[in-house]
Every structure is written in structure tokens, then in C-alpha cells.
1. Quick check: at a probe of 1.4 Å, how many percent of the accessible area of region 185-339 sits on carbon and sulfur atoms?
2. For region 259-311, which GluC sites (Glu not before Pro) are both in a DSSP coil and crowded by at most 16 other Cβ atoms within 10 Å?
3. Quick one: if the Förster radius is 35 Å, what FRET efficiency do GLN70 and HIS3 give, using the C-beta to C-beta distance and rounding to 0.05?
4. Looking only at HIS153, HIS140, HIS230, which one moves most when the chain is put into a Gaussian network model with springs between Cα atoms under 10 Å?
5. Going Cα to Cα from LYS160, which lysines come in below 20 Å? Please leave out same-chain ones fewer than 8 positions away.
6. Can you tell me how the chain classifies by the Cα gyration tensor, rounded, prolate or oblate, using a/c under 1.5 as the rounded cut?
7. Give the residue list of trypsin sites (Lys or Arg not before Pro) in region 278-318 that are DSSP loop and have at most 10 other beta-carbon atoms within 10 angstrom.
8. For region 28-96, rounded, prolate or oblate, judged on the Cα gyration tensor with a ≥ b ≥ c (square roots of eigenvalues), a/c < 1.5 rounded, else prolate if a/b > b/c?
Amino acid sequence: MLHTTLGFTQPGKQQGFLQVPYSHNLGGWANVMIPITTIANGQGPTVLVLGGNHGDEYQGQIAAMKLARQLTPDMLTGRIILIPSLNFPAARAATRLSPLDGMNMNRAFPGEPEGCVTRQVAHFLTTVLFPLSDVVIDMHSGGRSMEFEPCSHMHLVPDKDQRRKMLAAMLAWGTDFSFLYADIAGTGLLPVEAENQGKLVVTTELGGGECIPASVHRIAQDGLRNVLIHVGLLRGVVQTRESLGKPPAILTQALNREDYLLAPESGIFEICVDLGTAVVKGDIVGYIHHLERPDRDPEPIVARSSGFLITIRAPCLTQQGDCVAVIAKQVSLAEIESA
Ligand SMILES: [Zn+2]
């Protein structure tokens, strides 16, 4: 059973661990120790900040670590709980999935109290941390598998009041694009569990890869801070895109299966369109080159919908069924609010 060294009702700043029993060949009584920080001061919202849901996604891990070091109780009103590297074994191994149990943290919800390490962590969030929280921030990027146009994103939740709050918080991140996405690859997602508990859920896809530009780190760190001010936790003034002299964010959605382009066969993937570019249904956005038969014409990847290229596959070597590109069409705030 997962044990924590922190008292979540205590005021002030505490640094500790989530300790998850993990008995292995060279550590019969070992625990996986996942760093966690909580800072509380007076009345206000409780915000749960999560990085490293996937271990190879670093932008959010760094943003959460920096915030955990920098924040002092007088800087906020309410409570913040930060777990910079949620799938800690995966973060240590630079992998998307946990090397201990092969689990994807973002498919492990609602979790199990006596399950594998990943499911135990998911269960603790589902039963202890989500119920404590008003706001859940789960920061992702494309990791080693995808490269995203840096964006905040969300599900189109059915509850209109929850949706309106999530939209406002999504836009408070201040990214050039915001993105409504669909789950085309399984269930058990962390944000879905938090949404089902009625929480204001904020998620991101902040670029990708392991060579992260300074500008993308800034988007992660400034956006997170801005959202924390927006939800009433951190003291400060919300910076809007308008106040920064930027044009409004481009709101997009990819809610249909045809928006998600899967490789029809294996080979070497070549993208032909830059991220963030508008494409039209029927455009060729890339090719799969045949490794074993380079004399054959490559297989074109054809857009099946019109919109902006919001993400592409990062590794060139591609297996049949890998998602190689996603096209998200522009929508208005009014359309999303009324959908
Ligand atoms: Zn992720």
C-alpha cells in the first residue's frame, strides 16, 4: 500500500515522498520513492501540478521542479501539491512507460490499491489527491515519439460549466495554439479520471523530443505560472496574449478519427509540411519510404481533413499503425462552448 511522508492538511512547505512498495531481487523490502512537494497558506484553491506522467517528457518535469524550489507559502493563497516526475521509474530510465511494470501511467487510471507500482500511484491520485484538488494540471509533451506545436489542450467535457472553466484555463497558458483532442489510443487516462471527478483539468503538449529549445521551456514555465495566477492560487497579475502584444490563440480541434493519420505500412517517414502549417484535405503531408525496396515509389500520407498540422511523429523509422500526423481544424470559442 502506498505511503506518503507528507501531511496534506498542514500549512507551510513540505518536501517528501510517495513511497510505493516494490519488492525485487536485490531489494526485498524496497520502496519506489517519488518526490512530492506541498505548500499551503490560508484559504484558496488546491492545485495539483503533475509532470512526467510519461517519463521521457521533460518540459513539465523541469517546470514543476523549478516551481517546487522557488515557491514559498507567502507567494500563494491556498495549496499546491507538486509531483514533478509522476512516473518516476520511467523518468529515471528516460522512457515513456515504467520499466518496473511496463505500464503507461496515462492508461492506468483509476488504478488499484495493491496493483503494480504504476497502478498504485494512479489509485492514490484517484482516491486521495484528486478529491483534495480543485485544479489538476498534467503537463505533457511529445516525448521521444511525437513533436507537437507547443499547445495547451483539453477534452470536450460534457458539463458546460466545467468546460467553460477548462477553456479559460487552457487559454491562460498563452500558447499560440490550443487544441481539443480525442482519445484514439485506449482508456484509463489521468485527465479523464480527474474530469469525471468534476475537476478543472489543464493539460499540455509542449513540443517534444529531448532537444528542447529554450523558447519551449519558457512556454512551459511562464504558462504554468500564469495558469496558477489565473486559478487564484499564486499572487500576481495574469498576462494575456493581448497584454503581451500577441494575436489571439488559434483554437483547434481534432475530434474525428480521420484527423489522426496512421502509417499504412512500415518504413522511413518523411514529413513534407512544417508544424503549425495549414493543410487542405487531399494534400500530401508526408511519405513512407520503403526501406527494403527503395526502387518502389514511397507511400504518400494524405490529409483526410483540413486544418493545421498540430503534431507529427518524431522518429523517422515507422511501423505500420504508428500515428504520423494529426490535423486539427480551427474552431471558434463560441462553437466549443455550444458543442
Ligand atoms: Zn505524455
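1. Its accessible area is 52 percent carbon and sulfur atoms.
2. GLU265, GLU292
3. About 0.80, to the nearest 0.05.
4. Residue with maximal mean-square fluctuation among HIS153, HIS140, HIS230: HIS230.
5. LYS199
6. It comes out oblate by the Cα gyration axes.
7. ARG296
8. Prolate.
The values are calculated or read from the model by the stated rules, or taken from the named source; none is laboratory data. All figures in this text were calculated on a predicted structure; none of them were measured in a lab. Note: ideal-geometry Cβ built from the backbone for every residue, glycine included; neighbour counts use all protein chains shown. Calculation scope for accessible area: heavy atoms of the full protein, side chains included, ligands and nucleic acids excluded. Shrake-Rupley method; radii C 1.70, N 1.55, O 1.52, S 1.80 Å.
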